[in-house]
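Contents: one structure, followed by commentary.
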Amino acid sequence: MEKPFFVRNKEVRIIRLADDRYRLDGEMRDDFHHIRASLTIEYPSMTVLHAEGEMVKGTNPPFCAGATQVLGSLVGERIHRGFTKVAADKVGNRYGCPHLMEVITDIGRAAFQIHMANLRNRVLETPDLAKLLSQPLEKRKFALAAMPQLADSCWVFNTANDERFERGQ
């Protein structure tokens, strides 16, 4: 097996604090960095209530630690389509850190899974709906109806593919 020249690992964990509160913890580790960030959000609005982070290891310690000061600017922002630009503007700038921004954008992408997990749980609690999970086309239609923001977010939910999927392609 070849020895890697560089390795980067990322992880996002979502913790349910209450029915309307979640904490999203993100972490990135590589040969030069170890960065943690956490956003507490209100659900279902996906509004950031609290943001914090830690530069455990950076390329220029202890100076890198100062980059986390920008995280407070995310409080009041909503995680939605366009959040990557918000994170870039507020965290990935000269007062922040592009690597910290990367952790925040990973958190933002993973946050959508809160909607998916809550929808799945609702489906599993309703026997008639639970049958949908084994029927890909019906499952797709149900997800699009329940979460219109999925429309055109990826190949599966690309509305231009409706006919293709109906034909079984």
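Can you work out the Karplus-derived ³J(HN,Hα) for every residue in the range 17-22? Use 6.51 cos²θ - 1.76 cosθ + 1.60 with θ = phi - 60°, whole Hz, and x for glycine or proline.
8, 7, 4, 10, 9, 9
Order of Arg164, Arg36, Arg78, Arg94 from fewest to most other C-beta atoms within 10 Å?
The most exposed by this proxy come first: Arg94, Arg164, Arg78, Arg36.
With the contact rule set at Cα under 8 Å and sequence spacing of 6 or more, what percent relative contact order holds for the range 14-56?
It comes to 32 percent, rounded to a whole number.
Relative contact order of the range 8-112: what whole-number percent is it, with Cα pairs under 8 angstrom and at least 6 residues apart?
23 percent
Which residue fluctuates the most in the chain, going by a Gaussian network model with Cα springs under 10 Å, if the choices are Ile79, Ile35, Ile15?
Ile15
Apply the a/c threshold of 1.5 to the C-alpha gyration tensor of the range 126-166 and tell me whether it is rounded, prolate or oblate.
Judged from the Cα gyration tensor, the range 126-166 comes out oblate (a/c at least 1.5, b/c at or above a/b).
For the chain, set up a Gaussian network in which alpha carbons nearer than 10 Å are linked by springs, and say which option among Cys97, Cys154, Cys64 fluctuates the most.
Comparing Cys97, Cys154, Cys64 in a Gaussian network model of the chain, the most mobile one is Cys154.
Going by C-beta contacts inside 10 Å, put Phe63, Phe83, Phe112 in order with the fewest on the left.
Result, fewest neighbours first: Phe63, Phe112, Phe83.
By how many degrees, between 0 and 90 and to the nearest 10, does the Cα long axis of helix 136-146 differ from the longest principal axis of the chain?
So the inclination is approximately 70 degrees.
Go through the range 135-169 and name the chymotrypsin sites (Phe, Trp or Tyr not before Pro) that are in a DSSP coil and have 11 or fewer other Cβ atoms within 10 Å of their Cβ.
Loop-located and lightly packed - Trp155.
Of Leu100, Leu24, how do they rank once you tally other Cβ atoms within 10 Å and put the fewest first?
Leu24, Leu100
Between the range 61-119 and the range 140-157, how many Å separate their Cα centres?
Measuring centre to centre over Cα atoms gives 24 Å.
Return the FRET efficiency for the residue pair Ala130, Ile14: r is the Cβ-Cβ distance, R0 is 22 Å, and the value is rounded to the nearest 0.05.
My answer for the efficiency is 0.45.
Highest GNM mean-square fluctuation, the chain, Cα pairs closer than 10 Å: which of Ala51, Ala37, Ala130?
Ala130
Would you mind classifying the range 1-123 by shape? Square roots of the alpha carbon gyration tensor eigenvalues, ordered a ≥ b ≥ c; an a/c under 1.5 is rounded, otherwise it is prolate if a/b is larger than b/c and oblate if not.
Since a/c reaches 1.5 but b/c is at least a/b, the shape of the range 1-123 is classed as oblate.
For the chain, find the longest principal axis of its Cα atoms and tell me its angle to the long axis of helix 98-124, 0 to 90°, nearest 10.
Value to nearest ten degrees: 30.
How charged is the neighbourhood of Ser153? Take every other residue with its Cβ under 13 Å from the Cβ of Ser153, and add Lys/Arg as +1 and Asp/Glu as -1.
Summing Lys and Arg as +1 and Asp and Glu as -1 gives +2.
None of the figures in this text is laboratory data; all of them are computed from the coordinates on show. Since the structure is predicted, the reported quantities are computational estimates derived from the model, not experimental observations. When we count neighbours, we look across all protein chains shown, and the Cβ atoms used for this are built from the backbone with ideal geometry, even at glycine.
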